[in-house]
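Peer 1: One structure, pasted below without further comment.
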Amino acid sequence: MSLDINLFIKKLWMICIGSSISLTAIYTIWVGSFDIIYYQLLSIMLLGYLPFTLIYRKFSPMIQRYLLFINMCVVIVALTWFTPFANQIAVIFLPLFATLFKNRNVFYGTSVASILIHFSLNSMAGYYDQRFLFEIVTELSYIICYIVVLGVFVNMIVDSSKQAYMFDKTVKTLILAIETKDMYTRGHSIRVSDYAMIIGSNMKKKGYKVDLDLLRISSLIHDIGKVYIPNDILTKNGKLTLEEYKTIQKHSEFGANLAKELEYPNEIVSDILYHHERYDGKGYPRGISQDDIPLHSRIIALADTFDAITTTRSYRNAFTLEEAKDIIIEAMNTQFDPILHEVFLEIYPSLVTYYHQNVSLEAKNEISYLEVMNKR
C-alpha cells in the first residue's frame, strides 16, 4: 500500500494548525507575551509546508514523496534550531517520518543523517561543553537503540509490502486462469469487483460494516472455483442439463476450498462460498437466507448479477441497462437483500457511467475480434 500524499498533506496541515493553536495558548496562559521564538515557531508551522503544497501536484508520485521528505526534514531541523531545550527533535522525528516511505535505504540513510544533525546542532549550541564523554556515549547508545527498534518495524513493513505484492500477483493469476477458460466472461471478475466496490463504498458511508479491502479481494476471486468446471459446460451454447447445472453450482464450494488452501482469511473464504445464496433461502450451496448470508456475499451477488445480465454470454445476448435495472429491482427481497434496494438506486448512475466507460468498449472490441475469427 503506497503513501497517499493528498491525505498525508491534509493531516500534516491539521497537525501544524493544531500545534500553532496549542503554542499560542501556552504563550498566552504561561508566558503572558509573545517573543521572537514564538513568531519563529509559528512561522515555521504555518508556512513550512506551503512550498510543497503549492507545487507537489506538478510532479510524479515518486518525486512527490522525495520532495515531501525533504520539506519535512527542513521543517524539523528548523524547529530543532529555534525551540529551546528541544535538542532531541531531529533524532526522534526524522527516522520516525522516514518509516512512512517503507524503504530500508531511505530509513537508514535518514537515521544516520539525523544523528549527524543532532550532534552538529547540539555542538554548535554548546550543549556538550559541560558534559562528560560517558554521558555523550550513553546518549548515542540510546539513540542507536531507538533507531534499531524502528528498523525492526521498517523491516516488517517492507516484508509485508512484498507479501502484499505476491498476494496481488496470485490474485491476478487466479483471475487469468478462470477467464482463459471462457472468452465470454473475460473481464468479468474485474468488473464484478469494481461494481462491488461502488456498492460497498456507498454502504460504508451509510454505516454498514463493509471492509473494502476484503471485499475487493473476495469479489475479484469469487469465481475461482470455475477452474475445476469442465470447459464444455462453461462454454455450452444451449441450455444446461440438470446434471450440468449441479456441476456449475459446485464452483462456489470449489472456490472456497481453494481459497482456504491458499490461506486466504476466513472472511474471504465465506464470501466466496456464499456469493450465490439468495435472500429468500433458495440459493446455493447451503440454502441459507437473510442475515445468515455474509454482507460481502450479498454485495457480490448483486454486482455479479448486474455484470452477468449486461454482458453477452454463450447462451444469450446482453440485456440493456434499463432492462437490467428492472430485473434487479424486481428481485429485491427475493434474490437480493432489501437493504440493497435504496443503495442500488443511488449508485445506479455510477454503474451506468462505469459500463459506458468500460463494458461497452470491451464488447465492441470483442465483437470485432469474433467477426475476424469467423471470417477465417
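Peer 1: If you bin every alpha carbon distance in the range 5-161 into 5 Å steps from zero, what whole percent lands in each bin?
Peer 2: 1, 8, 15, 18, 18, 16, 13, 7, 3, 1, 0
Peer 1: What are the residues whose amide H is under 5 Å from the amide H of PHE336, where those residues sit 5 or more places off or on another chain and H is modelled from the backbone?
Peer 2: TYR279
Peer 1: Per residue Cα convex hull volume for the range 1-69, in cubic angstrom?
Peer 2: Each residue corresponds to 86 Å³ of Cα convex hull volume.
Peer 1: Summing Lys, Arg as +1 and Asp, Glu as -1, what charge do residues with Cβ under 15 Å from the Cβ of VAL352 carry, VAL352 excluded?
Peer 2: -4
Peer 1: Could I ask something else about it? Sequence-distant or interchain residues sharing an amide H contact under 5 Å with HIS222, placed H: which?
Peer 2: none
Peer 1: Size of the dipole of the chain about the Cα centre, Lys and Arg at +1 and Asp and Glu at -1 on the beta carbon, nothing else charged, in debye to 20?
Peer 2: Around 760 debye, computed over the chain.
Peer 1: Now for a separate question. How would you rank LYS172, LYS205, going from fewest to most other Cβ atoms within 10 Å of each one's own Cβ?
Peer 2: Going from sparsest to densest Cβ surroundings: LYS205, LYS172.
Peer 1: Here is a follow-up. Taking the alpha-carbon distance from LYS246 and a cut-off under 16 Å, which aspartates and glutamates remain once sequence neighbours fewer than 8 residues away in the same chain are dropped?
Peer 2: Within the straight-line cut-off, LYS246 pairs with ASP223, ASP232, GLU277.
Peer 1: When the dipole is taken about the Cα centre of the range 5-161, and only Lys, Arg (+1) and Asp, Glu (-1) are charged at their Cβ, what size is it in debye, to the nearest 20?
Peer 2: For the range 5-161, the charge dipole is close to 700 debye.
Peer 1: Work out the charge dipole of the range 5-161 with +1 on the Cβ of Lys and Arg and -1 on the Cβ of Asp and Glu about the Cα centre, then indicate which of GLN88, ILE117, PRO51 is farthest towards its positive end.
Peer 2: In the range 5-161, that residue is PRO51.
Peer 1: When a footprinting reagent is the concern and you count Cβ atoms within 10 Å, what order do ARG186, ARG131 take, fewest first?
Peer 2: In increasing order of surrounding Cβ atoms, one gets ARG131, ARG186.
Peer 1: Considering only Cα-Cα distances, which of the following residue pairs are longer than 32 Å: LYS204/LYS325; LYS10/LYS260; LYS10/LYS204; LYS206/LYS250?
Peer 2: Too far apart for the 32 Å limit: LYS10/LYS260; LYS206/LYS250.
Peer 1: Let me ask something else about it. For the chain, modelled as a GNM with alpha-carbon contacts under 10 angstrom, which of HIS356, HIS341, HIS188 fluctuates the most?
Peer 2: Residue with maximal mean-square fluctuation among HIS356, HIS341, HIS188: HIS356.
Peer 1: Give the angle, between 0 and 90 degrees and rounded to the nearest 10, that separates the Cα long axis of helix 295-309 from the longest principal axis of the Cα atoms of the chain.
Peer 2: Rounded to the nearest ten degrees, it is 50.
Peer 1: Moving to a separate point now. Using a Gaussian network model of the chain with C-alpha springs under 10 Å, which one of TYR128, TYR49, TYR274 is most mobile by mean-square fluctuation?
Peer 2: TYR128
Peer 1: How much mean residue ellipticity at 222 nm does the chain get from its helices, if each DSSP H run of length 4 or more adds -39500 (n - 2.57) and you divide by all residues, to the nearest 500 deg cm²/dmol?
Peer 2: Helix-only estimate at 222 nm: -22000 deg cm²/dmol.
Peer 1: Working from Cα positions, state the angle (0 to 90°, nearest 10) between the long axis of helix 104-124 and the longest principal axis of the chain.
Peer 2: The two axes meet at around 20 degrees.
Peer 1: With bins 5 Å wide starting at 0, give me the P(r) of the range 238-282 over every alpha carbon pair, in whole percents.
Peer 2: With a bin width of 5 Å, the distribution comes to 5, 21, 22, 20, 17, 10, 4, 1.
Peer 1: Place the peptides 238-247, 137-146 in order of packing, highest mean first, counting for every residue the other Cβ atoms within 10 Å and averaging per peptide.
Peer 2: Packing proxy ranking, top to bottom: 137-146, 238-247.
Peer 1: Between the helical axis of 36-47 and the dominant principal axis of the chain, each derived from Cα atoms, what acute angle in degrees is found, rounded to the nearest 10?
Peer 2: Roughly 20 degrees, rounded to the nearest 10.
Peer 1: Suppose we take every Cα in the chain and form the convex hull; what volume per residue is that in Å³?
Peer 2: It is 202 Å³ per residue.
Peer 1: Test of understanding: what is the full-extension gain from ARG57 to GLU322, defined as 0.36 nm times their sequence separation minus their Cα-Cα distance?
Peer 2: Roughly 91.4 nm would be gained on extension.
Peer 1: Per the Debye formula with a single identical scatterer at each Cα and no solvent contribution, what log10 I(q)/I(0) holds for the range 180-375 at q = 0.11, 0.15, 0.16, 0.18 Å⁻¹?
Peer 2: Each listed q maps to, in turn, -0.49, -0.94, -1.08, -1.37.
Peer 1: Arrange the following residues from fewest to most other Cβ atoms within 10 Å of their Cβ: PHE8, PHE97.
Peer 2: PHE8, PHE97
Peer 1: With no solvent and one equal point scatterer per Cα, compute the Debye intensity ratio I(q)/I(0) for the range 266-338 at 0.16, 0.24 Å⁻¹ and report its log10, rounded to two decimals.
Peer 2: Ignoring solvent entirely, the Cα scatterers give -0.57, -1.03.
Any read-out appearing in this document is the output of simple, stated calculations on the displayed coordinates, not a laboratory observation. Because the structure is predicted, anything quoted here is derived from the model rather than measured. No Cβ is skipped: glycine too gets one built from the backbone with ideal geometry, and neighbour counts run over all protein chains shown.
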